[in-house]
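I have placed the structure first, in the form of structure tokens, so that the comments after it can refer back to it.
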Amino acid sequence: MSETSNENSKAAGKGRPTPSRKEREAANRRPLVGDRSKEGRKAAAAAATAKRNEARLGLLAGEERYLGPRDRGPQKRFARDYVDSRTSVGELMVPILVISVVFTTIDNYALQIGLLVLLWTTFLGVAVNGYFLARSVKKALAEKFGASKVERGMTMYVAMRSLQMRPLRVPKPQVKRGTKIG
């Protein structure tokens, strides 16, 4: 009877001796800093560069997983498309500011007064345009997602996006100007 139980225990066993503690610790030992050889460092740098480029291209393309918390979500995507489908006064602000700075070096009183009027008119136009654009986006969001579900901060998000020149917006515009949104 003892022979039968001995055979069963062998069949049920793991088929190899238990490794010593010294062997297990040696198997688990890894360097703290990774592969420090020249080739290893180059490979790690190349992998990091590839990962950064993938994330940058994903951000520019508007892929949800690469966007920051400020730009995530269906409401933010809708608001971006809404703003990008229109032309806003805010897009003209930076070029007008640059032109004004260049022309203020000319010593002509009438020109400088004209530039000052142009600047203040642009600022007023940006404020009025931003107000009406934010109102229309909030209204469209309320229609699409429900009035109680509109995220906070959409007014500022829309206003800041409308101030950026179209080629410099991140994420890049996904719709053409004039596209009907909503």
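Relative to the Cα centre, the charge distribution of the chain, modelled as +1 at Lys and Arg Cβ and -1 at Asp and Glu Cβ, gives a dipole magnitude of about 480 debye.
Once both axes come from the Cα atoms, what is the angle between helix 38-61 and the longest principal axis of the chain, in degrees from 0 to 90, rounded to 10? For 38-61 against the chain, the angle is about 40 degrees. For the chain, modelled as a GNM whose springs connect Cα atoms under 10 angstrom apart, the maximal fluctuation among ALA134, ALA47, ALA12 occurs at ALA12. Taking the Cα centre of segment 70-168 as origin and assigning +1 to Lys and Arg Cβ atoms and -1 to Asp and Glu Cβ atoms, the resulting dipole is close to 700 debye. Once the chain from ALA12 to ALA47 is taken as fully extended at 0.36 nm per residue, the excess over their C-alpha distance is 8.1 nm.
Neighbour counts of other Cβ atoms within 10 Å put ASP35, ASP71, ASP84 in the fewest-to-most order ASP35, ASP71, ASP84.
Take every pair of alpha-carbon atoms less than 8 Å apart whose residues are at least six positions apart; their mean separation over the length of the chain yields a relative contact order of 30 percent. Computed from label points 7 Å out along Cα-Cβ, the spacing between ALA140 and ALA61 is 2.5 nm. Rounded to the nearest 10 degrees, the angle from helix 109-145 to the longest Cα principal axis of the chain is 50 degrees. Entry note, the chain: the mean residue ellipticity at 222 nm calculated from DSSP H runs of n ≥ 4, each adding -39500 (n - 2.57), is -20500 deg cm²/dmol after division by the residues and rounding to the nearest 500.
In a shell of Cβ-Cβ distance under 10 Å around ALA147, excluding ALA147 itself, what net charge do Lys and Arg (+1) and Asp and Glu (-1) give?
So the surrounding residues net to +2.
According to the square roots a ≥ b ≥ c of the eigenvalues of the Cα gyration tensor, what is the shape class of segment 1-155, taking rounded for a/c under 1.5, prolate for a/b larger than b/c otherwise, and oblate for the remainder? Taking the square roots of the gyration eigenvalues as a ≥ b ≥ c, segment 1-155 is oblate. Distance between the 7 Å Cα→Cβ label points at LEU92 and LYS172: 2.7 nm.
For the chain, the longest principal axis of the C-alpha atoms and the axis of helix 74-84 are separated by about 40°.
Computed over the chain with a Gaussian network model linking Cα atoms closer than 10 Å, the most mobile of GLU63, GLU151, GLU23 is GLU23. Lysine pair count for the chain with Cα-Cα distance under 17 Å and sequence separation of 8 or more or different chains is 12.
Based on the alpha-carbon gyration tensor of segment 70-168 and its eigenvalue square roots a ≥ b ≥ c, which shape applies: rounded if a/c is under 1.5, prolate if not and a/b is larger than b/c, or oblate? Verdict is prolate for segment 70-168. Comparing LEU57, GLY40, PRO19 along the charge dipole axis of segment 19-61, the residue lying farthest to the positive side is PRO19, per the Cβ-charge model. Need the C-alpha centroid separation for segment 114-141 versus segment 46-107, integer Å. Segment 114-141 and segment 46-107 have Cα centres spaced 18 Å from each other. For segment 120-178, the gyration tensor built on C-alpha atoms gives an oblate shape. Its axis ratio a/c (a ≥ b ≥ c) is at least 1.5, and a/b is not larger than b/c. Using R0 = 30 Å, the C-beta based FRET efficiency linking GLU151 and VAL128 works out to 0.80.
Computed from the coordinates by the stated procedures, all read-outs in this text should not be read as laboratory data. Small disclaimer: the values here were computed from a predicted structure and weren't measured. Positions of Cβ are generated from backbone atoms using ideal geometry, with glycine treated the same way; all protein chains shown enter the neighbour counts.
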